[in-house]
Amino acid sequence: MRIPVEGIPAVGRRIAFGLRDEWALEAATSSLERAPATLTGELSLHVASRRAGLIRVEASIQATTGASCDRCGEACELSMEELSVLLYAPEESGGEAYDGGEIELSAEELDLGWYRGGAIDLADVLREAVALALPARIVCTDTPQCDRRTDALLAEHAAKPGHPAFETLQVLKQGVDDVG
């Protein structure tokens, strides 16, 4: 779904979305790397600088999807709730308006994206907002159970004999330890 920048009124424009919106479902699926079980949100577009074509997008997103815990490997639910502000500028400007003067970006506006052809692609905006909101690691919400499963996996791995390629290194290490 593309929104022409010139068509954004001074008061801004709000676009609500959910699972039934094909563009939103595709964008969320792309960033989550799996289809979301739930998806709701709103993108609010505001003109930050009409002359420079700068658009400020406030993204409010709630989504859940099935995932695997990065620690214990068990199935879990990835739940995200994100409020973010993204800034978009015309690709055609080549960043000239930001290279020394006209626009001063605050720390909260450093997520700068680009749009082309005079229109913002909302799927690209949603894709970026979801990707920025994802945790570095997906973990179970039940930490004590996850810790027990992880400890069991580590104990099982420690009980297995080492790889033959490392046997020589182990012998050398023992020799150094004996000398030291």
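The values are calculated or read from the model by the stated rules, or taken from the named source; none is laboratory data. Worth saying up front: this structure is predicted, and the values here are computed from it rather than measured. Backbone-built Cβ (ideal geometry, glycine too); neighbour counts: all protein chains shown.
Annotations for the structure displayed:
- Screening Glu74 with (1) modelled with pLDDT of 75 or more; (2) in contact with a strand residue (DSSP E or B) (Cβ under 8 Å, 6 or more places away or on another chain); (3) within 30 Å of Arg13 (Cβ to Cβ) gives one miss only, at (3).
Yes/no per residue for (1) among the β-branched types (Val, Ile, Thr); (2) assigned by TED's automatic domain parsing to the domain that holds Pro90; (3) at pLDDT below 95:
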{"position": "Ala10", "(1), (2), (3)": "no, yes, yes"}
{"position": "Phe17", "(1), (2), (3)": "no, yes, no"}
{"position": "Glu22", "(1), (2), (3)": "no, yes, no"}
{"position": "Thr40", "(1), (2), (3)": "yes, yes, no"}
{"position": "Ser49", "(1), (2), (3)": "no, yes, yes"}
{"position": "Ala52", "(1), (2), (3)": "no, yes, yes"}
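- Hey, Gly95 farther than 30 Å from Gln62 by Cβ and either modelled with pLDDT under 85 or out of contact with any helix residue (DSSP H, G or I) (no Cβ under 6 Å at 6 or more places or on another chain) (or both) or not: yes
- Meets criteria (surrounded by fewer than 19 Cβ atoms within 10 Å (Cβ to Cβ) and part of a strand (DSSP E or B)) for Ser30: no
- Among the candidates Glu81, Glu58, residue that is assigned by TED's automatic domain parsing to the domain that holds Gly117 and exposed (fewer than 14 other Cβ atoms within 10 Å of the Cβ): Glu81
- Restricting the first member to segment 63-77 and to residues that are in contact (Cβ under 8 Å) with a residue 40 or more places away in the chain, and the second to residues that are loosely packed, with under 14 Cβ neighbours inside 10 Å and of a type in the set (Val, Ile, Thr), the beta-carbon pairs closer than 9 Å and six or more apart or on different chains are Ala63/Thr38; Cys76/Thr141; Glu77/Thr141.
- Single match in Ala136, Ala155 (criterion: part of a loop (DSSP other than H, G, I, E, B) and at pLDDT 70 or above): Ala136
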